[in-house]
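This report concerns only the one structure given below.
Rule-based calculations on the coordinates, nothing more; no lab input. Here the structure is a predicted model, which means the values were calculated and not measured. Heads up, the Cβs are rebuilt from the backbone with ideal geometry, glycines too, and the neighbour counts pull from every protein chain shown.
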Amino acid sequence: MLNSSMFNTTRFAGFTRIVVPGLVFQSVIVGGGYGTGREIAEFFLWHGPVGGLFGMLVACLVWGIVLSVAFEFARITRSYNYRTFFQQLLGRFWPLFEVIYLMIALLVLAVLGAGASEMVSSVFGISGHIGAMVLMLAIGALVYLGGKAIEKSLALWSVLLYLVYAVFLIWIIIAYGDNIRSAFSGSHSTGNWSWDGVRYAAYNLNAMAAVLFVLPGLSSRKEAVCSGFLAGVVGIIPGIFVFIAMLAQYPAIIDAPVPVSVLLQSLNALWFMVVFQVILFGTFIETGAGIIHAINERIGSAMNDRGRLFSPRQRLGVAIVILGVAVFLAGKFGIIKLIAQGYGWLSYGFIAVVVLPLLTYGMHRIIRYRTV
């Protein structure tokens, strides 16, 4: 009986090691990937229902491949923060990633601030600045609590988000199923949906840096590869939920600043709107905390090399500076312009500095490493 119990405990621990990176990845990408629905409209919905859905499947495949390689590369090089990871991958050119990561981090945080502002203003009828400030304060508080608190909260909130998004999709289908069916039946693909799937996947790979700190538990190549592909699937499913729900008001919803809020208002259920917005707001907090924690882990690694400690207060100080810049960007540009112009260009940088090196030199290092 004891041996059976120990065996089951070991299997559960192995399952957790494989699943948690995907839950953390999903929690970090949701804020900048599909939380508001604006990103889905910008990258996929304008290709039509069928083309957009195919584009999202391309993004899922890209995530699965790249994350599998990245997780195994991190395991064999023992690189669990982006500083050491990209030193191993890019050598002396590793600061290229840091420049791009800091740019996308500020952009995503600005989008979160703008999204929170739009949500609070449209749902509660109060100044959007209040929503942005509450969001930034909550992100700073979670960053102050440190890595363990962030890991647990990211995994838990990911499960809650899945449940709420599933209820949201089912409700939309019940209310607007005919609209969704007619959108699919009368659709045709437009534009290069496959390339937009690659670009969308690329800029969201900024979340990879925020996942590295939960990878030390991966003990074999099989676990790393399975965890990477699972992360791709776990990451895209809520996005597909949002995409299908948006077809209820296609094509008019393409131009909405926060399409998810438009859909929630159409359900005429105040209680669910509040629940959904609370979960989404919490997800914005998780995304922001994950992004900043990756930066703090990089700084902590450098300070540790010099024999110095990176205190919680210093971590909070870094968060305050970054969040302050993000709030300024959010107020100056607004969510539509930030997503349309910022994400598009930075996706090319991630393809050049992350995707291509991992699939070439990274694969070469993995193949040369002894099979475990």
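Annotation: peptides 202-214, 247-259, 172-184, 107-119, ranked by per-residue average of other Cβ atoms within 10 Å with the highest first, follow the order 107-119, 202-214, 247-259, 172-184. Note on the stretch 22-368: the C-alpha convex hull projects to 16.4 nm² when averaged across all orientations. Relative contact order for the stretch 22-368: 42 percent, from Cα pairs under 8 Å spaced at least 6 residues apart, divided by residue count.
Report note on the peptides 54-61, 239-246: ranked by the mean count of other C-beta atoms within 10 Å, highest first, their order is 239-246, 54-61.
In summary, the helical segments of the chain meeting the span-like criteria, namely a full DSSP H run, a Cα extent along the axis of 24 angstrom or more and a mean Kyte-Doolittle hydropathy of at least -0.5, are 2-33, 49-77, 95-124, 128-145, 147-185, 221-246, 270-305, 312-333. Phi angles of the stretch 347-353 translate, via the Karplus equation with coefficients 6.51, -1.76, 1.60 and θ = phi - 60°, into HN-Hα couplings of 4, 5, x, 5, 4, 6, 9 Hz per residue; Gly and Pro are given as x. Only helices enter the 222 nm calculation for the chain: every DSSP H run of n ≥ 4 contributes -39,500 (n - 2.57), and dividing by all residues gives -26500 deg cm²/dmol, rounded to 500.
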